[in-house]
Amino acid sequence: MKLHYCKIFFGFLFLFASISCLAQKASETTTDTVAYKITTKDGNQYIGTIEKQNSDSIVFKTQNLGVITIATNQVKSITEINPNQSGVNGWPYQFQTANYLTLNSAYGLEKGEGYYQNIWILFNNASYGISDNLSIGIGALGTFLFTDFAPVWATARISAPVVENKLNVGGGAIVGTAEGETFGFLYGVATIGPRDRNISVGVGSGFVNDEFSDVYLNIDGAFRVSEKLYLIMENYLIENEVLTFIGARSILGRSSLEYGIMRSGEMDFIGVPILGITIPLHK
């Protein structure tokens with residue numbers, strides 16, 4: 001709609017890309033504390049350090065469970081990880097912390113991670129980590145079940161730590177097509193706090209062909225209250241109207257169930273329900 005909106009967003013993306021490069025160079029000189037993620041055959045995951053290991057068992061020290069002993073024949077995989085991958089209180093790392101209910105945090109996917117997300121059957125999105133700082137994806141709105149209108153899109157997303165596990169920045173773009181028209185979305189976001197307990201502040205705008213919408217602001221947060229439960233909130237400020245998402249995420253094995261409600265100040269009822277699932281595409 002206004003050309004300066006486009007300049008603003010490309011300016012944000014350039015800033016985030018610059019910080020990403022600087023942060024990546026800084027991290028190359030940092031020595032990470034060695035930690036491991038052990039996945040057992042029953043689907044449980046543990047973050048910690050190996051105290052002792054032999055052919056029969058592994059003595060493993062976690063933050064919240066203390067020292068545990070895991071039988072070697074029950075171990076599915078052992079993966080060395082970085083400190084920023086660890087969950088709070090020693091709870092297992094979850095790749096889903098890259099997202100809230102509908103928006104992204106400034107924490108991205110790690111290299112080789114991927115997921116498929118579905119909301120109310122109609123919304124379909126898949127994403128894959130090309131590197132620790134870049135992920136790409138594709139998506140489609142399954143409205144073809146009811147009409148001929150079936151939007152498809154591609155996504156790109158960058159993220160980088162400024163202060164390890166305390167402040168991350170990121171940005172991204174969505175570009176798609178529907179009925180011969182091009183649409184998209186540009187955004188930038190900064191996340192304060194670790195993956196499991198954080199607040200994000202973002203700015204973005206959508207466009208159809210060469211017409212941009214007004215800039216929106218958003219404030220989002222996630223708080224992990226137990227090993228398998230997150231509380232999540234998203235707030236958009238669009239043209240002096242507030243749109244709020246209140247919900248939660250339950251971890252189901254390696255997948256997760258997202259649920260909640262969406263409401264605006266103009267609604268005279270509790271809100272519109274949201275139900276989705278996120279499934280990993282990596283081992």
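The values are calculated or read from the model by the stated rules, or taken from the named source; none is laboratory data. Since we're looking at a predicted model, the values are computed, not measured. Cβ sites come from the backbone with ideal geometry, for glycine too, and all protein chains shown count toward neighbours. Surface areas here come from the heavy atoms of the whole protein model, side chains and all, with no ligands, DNA or RNA. Shrake-Rupley method; radii C 1.70, N 1.55, O 1.52, S 1.80 Å.
Below are the figures for this structure:
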| quantity | calculated |
| --- | --- |
| Accessible surface, the stretch 168-283, averaged per residue in Å² (probe 1.4 Å) | 48 Å² |
| Within-13-Å neighbourhood charge of Tyr236 [Cβ basis; K, R +1; D, E -1] | -4 |
| Charge context of Gly265, other residues only, Cβ under 13 angstrom, K/R +1, D/E -1 | -3 |
| Whole-Hz ³J(HN,Hα) from phi, Karplus 6.51 cos²θ - 1.76 cosθ + 1.60, for the stretch 254-260, glycine and proline x | 9, 9, 8, 10, 10, 8, x |
| Accessible area of the stretch 129-205 belonging to carbon and sulfur atoms, whole % at 1.4 Å probe | 71 percent |
| ³J(HN,Hα) computed for each position of the stretch 150-167 - Karplus, 6.51 cos²θ - 1.76 cosθ + 1.60, integer Hz, glycine/proline x | 9, x, 10, 8, 10, 10, 9, 8, 10, 7, 7, x, 9, 10, 3, 6, 10, 8 |
| Charge tally in the Cβ shell below 12 Å around Gly184, where Lys, Arg are +1 and Asp, Glu are -1, Gly184 excluded | -3 |
| Heavy-atom accessible area order for Val242, Val189, largest first, 1.4 Å probe | Val242, Val189 |
| Val59 - accessible surface, heavy atoms, 1.4 Å probe, Å² rounded to 10 | 40 Å² |
